[in-house]
Structure formats: C-alpha cells, structure tokens
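Handing you a structure now.
The values are calculated or read from the model by the stated rules, or taken from the named source; none is laboratory data. Remember, predicted model here, so these are calculated numbers, not experimental data. Reconstructed Cβ throughout: ideal geometry from the backbone, glycine too, with neighbour counts over all protein chains shown. Remember, those area values only see protein heavy atoms, side chains included, never the ligands or the DNA or RNA. Shrake-Rupley method; radii C 1.70, N 1.55, O 1.52, S 1.80 Å.
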Amino acid sequence: MKKLKTLSRIIDTGIVAVVRAKNEEQAEKISAACIKGGISSIEITFTVEGAENVIRTLRQKFSSEELIVGAGTVLDPETARIAILSGAMFIVGPAFNPDVASLCNRYQIPYIPGCMTIKEMITAMEAGADILKVFPGSALGPSFVKAVKGPLPQANLMPTGGVSLDNVKDWIKNGCVAVGVGGELTAPAKTGDYDQITVIAQNFIEEIKKARN
C-alpha cells in the first residue's frame, strides 16, 4: 500500500525535484524551497556527500503529506539499502540494475531506473520497475517519448535531463507521467537565492497542470 501511495503522489504532482548540492545544508535548503513551491517529490542524489543524512533530516522535518523523499544516483543495492534505512521512499538510478530492482521489490520501494532504449525499458518493466526514467532526456527529446509509446503504451515514463519550463508541456503531452528536473530548477542555489527556486517550482507546477488540461 505504501508503494502505491508513493507512486500516486509522484504521478499526481507530475514533477520530481532532482537535488544535487555541494553539501548537506544546501541540499536541505533547496528541498525546503521546492516544497514551499508545491513540489512534494524530492530526489536527493548520492553525489551529495552525506545524502543519507539529508534524507533522514527531511523525513524528520516534514510529514509524509508534505514530502515524498527519494534517493538518486543509486548504482548498487548497497547504496539502495542505506537510502531505504535512512528513510528514502523511492530509488532512482541512472541505469537499470537487476540487483537494485530485486532489493526494492523485496522492501516494496518504487524503483525508477534510467533507460535509453526499448530493450532496456522492457527489461526494467519485466523486473518490476513501475516508472522508467528516460535518461538523458536532453539527448532524446519529447518526440522520443511519443515514439516509445507506440510499441510500449503501458510504459510509465519520466524524463530527466533537458526538461525546462519551455518544453515541459511537450514531455507531458507526449505521454510522460512525470518529469525530473535538476539544474533548471535548482540553479539559483548557487547564489543563495532560494526564493527564486520556490518561484520556479510554482511555475513548473503550473505548466504541468496546463499541459494535463
């Protein structure tokens, strides 16, 4: 039941904020700014030193109604287990890993692996992946999603990389259940302008709503 709720929340919001930061404090501030802007699904990447601490802190600070927090850049089952024990509610990887899929299935945690080809997508779905991360989105483009949905209409796709306010509507209209957004959303953190992150988050939410309607 918990797994279904997490997947529903990600799809309902339509966007996952991908948080890469120079330290734990910055990651927490970016996350808080995104939540304030209406993005409740946050992915803390394991390129952030102490990512598991950020996940644990966010789970303590925010209720499950306010926040669905996951772990990103998960390359192996060991990292996935650390993330889950720290409170991660979903796991994201840049590529499909069968051992990570098995572990996530064991603990009923959604696994969102990166896929670039039809073969990778079918393999991931057969292993139980409920959402597939189209990655890198910048190299593939929204038209790729429309092409994939021909032979795989049942695939739940979420592009990451290359998603912007200008093209998010194209990704959604071509069949994506959600989008992952990193630098386009979090860049103002470099100058400490977290209020701007909140504004951008609100704009993304609005554009997704328009595209769905």
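So how much slack lies between ASP12 and THR47, counting 0.36 nm per residue of separation and subtracting their Cα-Cα distance, in nm?
Computed gain between ASP12 and THR47 is 9.9 nm.
Please give me the summed charge of the neighbours of ASN174: other residues whose Cβ is under 10 Å from its Cβ, Lys and Arg +1, Asp and Glu -1.
Every neighbour counted, the sum reads +3.
Hey, if we sort LEU165, LEU132 by accessible area with the 1.4 Å probe, largest down, what's the order?
Listed by decreasing accessible area, they come as LEU165, LEU132.
Still on this model: Write out the chymotrypsin sites (Phe, Trp or Tyr not before Pro) in region 87-135 meeting two conditions: DSSP loop, and at most 16 other Cβ atoms within 10 Å of their Cβ.
TYR107
Hydropathy first: keep DSSP H helices in the chain averaging at least -0.5 on Kyte-Doolittle, then drop any whose Cα extent along the axis falls short of 30 Å, and list what survives.
Flagged H segments: there are none.
How large is the accessible surface per residue of region 108-213, computed with a 1.4 Å probe and reported in Å² as a whole number?
For region 108-213, the per-residue accessible area is 45 Å².
How much length is gained on full extension from ASN105 to LYS169, taking 0.36 nm per residue of separation minus their Cα-Cα distance?
Contour length minus the Cα-Cα distance gives 19.9 nm.
For the chain, with a Gaussian network of springs between Cα atoms less than 10 Å apart, report the residue from SER41, SER102, SER143 with the top mean-square fluctuation.
SER143
Calculated FRET efficiency, GLU66 and THR123, Cβ-Cβ r, R0 30 Å, to nearest 0.05?
About 0.30, to the nearest 0.05.
For the chain, what is the mean residue ellipticity at 222 nm derived from helices alone (per DSSP H run of n ≥ 4: -39500 (n - 2.57); sum divided by total residues; nearest 500 deg cm²/dmol)?
-14000 deg cm²/dmol
If one computes P(r) from the Cα atoms of region 83-142, what percent of pairs lie at distances over 15 Å?
The proportion of pairs with Cα distances above 15 Å equals 44 percent.
Can you compute 3J(HN,Hα) from phi for each residue in region 152-160, using the Karplus curve 6.51 cos²θ - 1.76 cosθ + 1.60 with θ = phi - 60°, rounded to whole Hz and x for Gly and Pro?
Karplus values, whole Hz, x for Gly and Pro: 10, x, 7, 6, 8, 10, 9, x, 9.
Right, next: Compare PRO188, PRO153, PRO136 in a GNM of the chain, Cα atoms joined below 10 Å, and give the one with the largest fluctuation.
Comparing PRO188, PRO153, PRO136 in the GNM, the peak value goes to PRO153.
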